[in-house]
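Worksheet: the structure to be examined is printed underneath.
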Amino acid sequence: MLEIVSDKSWKLLETCPLKTEFDIVKARQIVRQFAKEAGMGIVDQTRITTAVSELFRNMYMYGGGGEVLVESGIIDENNALIITCIDKGPGIEDIDLAMTDGFSSGQGMGYGLPGAKRLVDRFEMTSEVNKGTTIRVMKWK
Amino acid sequence: MNYNEKKIPIIKIRDYLIVSIQVDMHDRLALQLQTQILDEIYRTGAKGVLIDISTLEMVDSFIGRVLSGMASKASIMDAAVVIVGMQPSVAITLVELGLEMPGVDTALNMELGMEMLEKRISKD
Amino acid sequence: MESNTTITNAKVRIDHIEDVLSSVAAGDLDLRIESEVEDDLTGVEQAINLLIDDLTHELKKSNQMKEEMQEKLLKIQDQQKMIFQQQEDLMELSSPVSKVWDNILILPVIGTLDSQRTQIMMENLLMKIVSTGCTTAILDITGVPTVDTQVANHLLKTVTAARLLGAECIVSGISPAIAQTIVHLGINLSNILTKATLQSAMIYAMKKNDQLVEGKIKIDMKELDDNQL
């Protein structure tokens with residue numbers, strides 16, 4: 001599986017374990033707080049918080065829980081907030097299908113991933129069956 | 001685990017139920033709320049439900065689906081659901097998420113929401 | 001018939017001329033040829049001196065111009081900074097949302113729309129809708145000749161978001177070019193109310209609000225406070 005690694009120049013802001021539903025709410029609030037501190041406007045704060053909420057839910061419901069890393073770093077000369085979700089769950093077999101827009105068409109797998117992708121500035125994902133899934137999103141505007 | 005740690009209060013005024021969501025809900029709480037509201041509609045025979053989300057800073061796909069689901073289930077029970085006070089950033093994010101919640105009535109504030117319900121009920 | 005010329009110390013003087021010319025070529029303009037004798041080579045020597053004088057003069061002028069250009073460049077850079085700042089300020093001010101009638105907001109848009117400006121406009125409009133509680137907003141783009149796909153998407157997003165809030169956003173003044181862009185995007189316009197002119201949009205809005213009945217404008221005098229009259 002392709003590794004998604006953190007750049008050494010990034011600063012680790014917080015590590016959030018994601019084991020219970022309450023962890024989801026807590027991690028969401030942490031992300032919103034960092035987004036606010038990063039100077040993002042209210043709409044962008046809402047965008048990133050909503051995007052990670054989708055990811056956290058997936059981790060909890062399909063990935064068996066996992067860990068969330070919140071980092072900050074410079075991406076393309078921008079001050080970016082970087083959130084990485086790592087689970088060691090069953091993995092996603094068909095990534096293309098998971099990235100199909102499901103809301104309107106009723107297809108897709110309802111993971112909310114394509115929607116989350118639209119809300120962020122960069123979206124990276126790797127997954128391997130029986131090994132787990134890692135999804136990283138970045139936002140800077 | 002205590003599933004009922006936080007119960008969101010539901011108030012009845014005339015023929016309507018009024019629910020004000022002020023907490024960041026986890027999924028289970030949202031589903032619990034849906035059940036609560038539908039139970040109350042059944043119990044009181046309310047014709048309308050006003051759900052105030054003016055302090056909700058985020059509505060993601062799950063919460064969005066719960067709200068839509070609530071509206072369609074309530075209409076089967078002959079009650080209308082109006083979502084009131086959505087924040088602009090929430091609206092923008094929902095549109096970008098691709099979740100447009102068709103079939104869900106919305107109003108800018110409580111007053112307009114009640115007018116909407118009144119018009120609908122007086123039509124029956 | 002050729003006349004013979006006698007040049008005194010020809011070789012020495014020719015070498016000297018070569019030396020001076022080489023120095024000039026290397027950049028040294030301070031040397032001049034000294035003519036001690038008056039003969040046929042003297043004319044050449046003096047012509048070369050004049051040439052070097054001219055060169056010196058031209059170089060001085062050229063350096064002066066360079067300095068002036070530098071100064072101007074710095075001034076222009078400062079002006080650019082100021083323009084950039086003004087542009088940012090303008091973006092904030094350029095699309096004010098006005099409540100033109102009870103329950104009717106108008107956002108008249110003029111000029112070129114870029115993605116950033118459209119986003120700001122969208123947020124302002126939605127916030128104004130919420131703060132005023134107006135259920136009808138008119139987005140008038142009569143003053144906008146064309147839009148690119150990104151901007152068209154933002155405009156449509158605005159209308160959809162307004163609906164989610166509980167308000168209706170009417171788009172008026174769509175030019176044929178913009179209509180084409182929207183059609184090319186494959187966007188379903190059936191959910192969006194569009195009117196050809198701002199006037200027809202206003203009439204629609206007032207009828208919807210029950211403010212225009214049988215062609216007559218209804219004003220509820222009780223709802224106006226003294227400040228408005």
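In Å³ and rounded to a whole number, note down the convex hull volume per residue for the Cα atoms of the stretch A:1-54.
Dividing the Cα hull volume of the stretch A:1-54 by its residue count gives 114 Å³.
Taking neighbour counts of Cβ atoms within 10 Å as a proxy for exposure, in what order, fewest first, do A:69, C:125 appear?
A:69, C:125
Quick check on my link table: of B:73/C:208; C:81/C:195; A:36/C:81; B:123/C:195, which ones sit more than 32 Å apart, alpha carbon to alpha carbon?
Listed pairs above 32 Å: C:81/C:195.
Thinking of the stretch C:37-81 as a set of Cα atoms, what percent of all their pairs are more than 16 Å apart?
Tail fraction, whole percent: 60.
Under 17 Å Cα to Cα from residue A:19, which aspartates and glutamates show up? Leave out anything in the same chain fewer than 8 places away.
In chain and number order, the partners are A:54, A:67, A:87, B:27.
Helix C:198-208 versus the longest principal axis of chain C: what is the Cα-based angle in degrees, 0 to 90, to the nearest 10?
Result, in degrees: 20.
If the viscosity is 1.002 mPa s and the temperature 20 °C, what Stokes-Einstein diffusion coefficient in µm²/s follows for chain C when Rh is the Kirkwood radius over Cα pairs?
Once the numbers are plugged in, D ends up at 88 µm²/s.
Can you find, among C:83, C:22, C:57, the residue sitting farthest towards the positive end of the charge dipole of the stretch C:10-91, where Lys and Arg contribute +1 and Asp and Glu -1 at Cβ?
Sorting the options by dipole projection puts first C:83.
In sequence order, what are the phi-derived ³J(HN,Hα) couplings for the stretch C:24-31 according to the Karplus relation 6.51 cos²θ - 1.76 cosθ + 1.60 with θ = phi - 60°, rounded to whole Hz, with x for glycine and proline?
Once rounded to whole Hz, the list reads 4, 4, 7, x, 8, 9, 8, 7.
Based on the Cα atoms of the stretch C:93-229, what semi-axes does the equivalent ellipsoid have, where each is the square root of 5 times one gyration tensor eigenvalue, given in whole Å with the largest first?
27, 16, 13
Given charges of +1 on the Cβ of Lys and Arg and -1 on the Cβ of Asp and Glu, with all other atoms neutral, how large is the dipole of chain A about its Cα centre, in debye to the nearest 20?
Once rounded to the nearest 20, the dipole reads 440 debye.
Taking only C-alpha pairs under 8 Å that are 6+ residues apart, what is the relative contact order of chain A in percent?
Relative contact order comes out at 26 percent.
Working from Cα positions, state the angle (0 to 90°, nearest 10) between the long axis of helix A:42-62 and the longest principal axis of chain A.
The two axes meet at around 40 degrees.
How charged is the neighbourhood of residue B:111? Take every other residue with its Cβ under 12 Å from the Cβ of residue B:111, and add Lys/Arg as +1 and Asp/Glu as -1.
Charge balance near residue B:111 sits at -3.
Averaged across orientations, what area in nm² does the convex hull of the alpha carbons in the stretch C:55-130 project?
So the mean shadow area of the Cα hull is 7.2 nm².
In Å, the Kirkwood hydrodynamic radius of the stretch C:10-91 over pairs of distinct alpha carbons?
One decimal place: 16.3 Å for the Kirkwood radius.
Checking the cross-link filter: which aspartates and glutamates have an alpha carbon closer than 17 Å to that of residue B:12, excluding same-chain neighbours under 8 positions apart?
Those aspartates and glutamates meeting the cut-off are B:39, B:40, B:52, B:78, B:111, B:115, B:118.
Using only the alpha-carbon atoms, how far is helix A:21-37 inclined from the longest principal axis of chain A? Give it as 0 to 90 degrees, nearest 10.
Approximately 30 degrees, to the nearest 10.
From the phi angles alone, apply the Karplus equation (6.51, -1.76, 1.60; θ = phi - 60°) to the stretch B:30-44 and give each ³J(HN,Hα) in whole Hz, x where the residue is Gly or Pro.
Working through the residues one at a time gives 5, 5, 4, 4, 4, 4, 4, 5, 5, 4, 5, 4, 5, 5, 9 Hz.
Tell me, what is the percent relative contact order of chain C, built from C-alpha pairs under 8 Å that lie six or more residues apart?
With pairs under 8 Å counted, the relative contact order is 12 percent.
Evaluate Rg over Rh across the protein assembly as shown, taking Cα atoms for both radii and Kirkwood's formula for Rh.
1.28
For the stretch B:1-92, state which chymotrypsin sites (Phe, Trp or Tyr not before Pro) are in a DSSP loop and have at most 12 other beta carbons lying within 10 Å of their beta carbon.
Passing both the DSSP loop test and the Cβ count: B:3.
Setting aside same-chain residues fewer than 8 positions from residue C:66, which lysines have a Cα under 19 Å from its Cα?
C:75
Just check the stretch B:58-124 against the gyration tensor rule for me: Cα atoms, a ≥ b ≥ c as the square roots of the eigenvalues, rounded for a/c under 1.5, and otherwise prolate or oblate depending on whether a/b exceeds b/c.
Taking the square roots of the gyration eigenvalues as a ≥ b ≥ c, the stretch B:58-124 is oblate.
Using square roots of five times the C-alpha gyration tensor eigenvalues, list the equivalent-ellipsoid semi-axes of the stretch A:11-139 in whole Å, biggest first.
Whole-Å semi-axes of the equivalent ellipsoid: 23, 17, 14.
Of all GluC sites (Glu not before Pro) in the stretch C:1-79, which ones are in loop regions per DSSP and have a Cβ with at most 14 other Cβ atoms within 10 Å?
In loop regions of the stretch C:1-79 (DSSP not H, G, I, E or B), the sparsely surrounded GluC sites (Glu not before Pro) are C:2, C:34, C:36, C:38.
For the stretch B:63-78 and the stretch C:76-136, what is the centre-to-centre distance using only Cα atoms, to the nearest Å?
Their Cα centres are 36 Å away from one another.
Show the residues, 5+ positions off or on another chain, whose built amide H is closer than 5 Å to the amide H of residue C:136.
Close amide H contacts, sequence-distant or interchain: C:105, C:168.
State log₁₀ I(q)/I(0) for the stretch B:10-123 at q = 0.10, 0.13 Å⁻¹ as given by the Debye formula over alpha-carbon point scatterers of equal weight, solvent excluded.
-0.25, -0.44
Would you mind ranking B:26, C:57, C:16 so that the residue whose beta carbon has the fewest other beta carbons within 10 Å leads the list?
By the 10 Å Cβ count, ascending: C:57, C:16, B:26.
Please report the relative contact order for the stretch C:10-91, taking Cα pairs under 8 Å with a sequence separation of at least 6, and give it as a percent rounded to a whole number.
19 percent
Quick one: which residues, 5 or more positions from residue C:212 or on another chain, have an amide H under 5 Å from its amide H? H modelled 1.01 Å from N in the peptide plane, none for Pro or chain starts.
Close amide H contacts, sequence-distant or interchain: C:207, C:218.
FYI, it's all coordinate maths here, none of it is from the lab. It should be emphasised that the depicted structure is a prediction, and the values quoted were computed from it without experimental measurement. Every residue, glycine among them, receives a Cβ derived from its backbone with ideal geometry; neighbour counts consider all protein chains shown.
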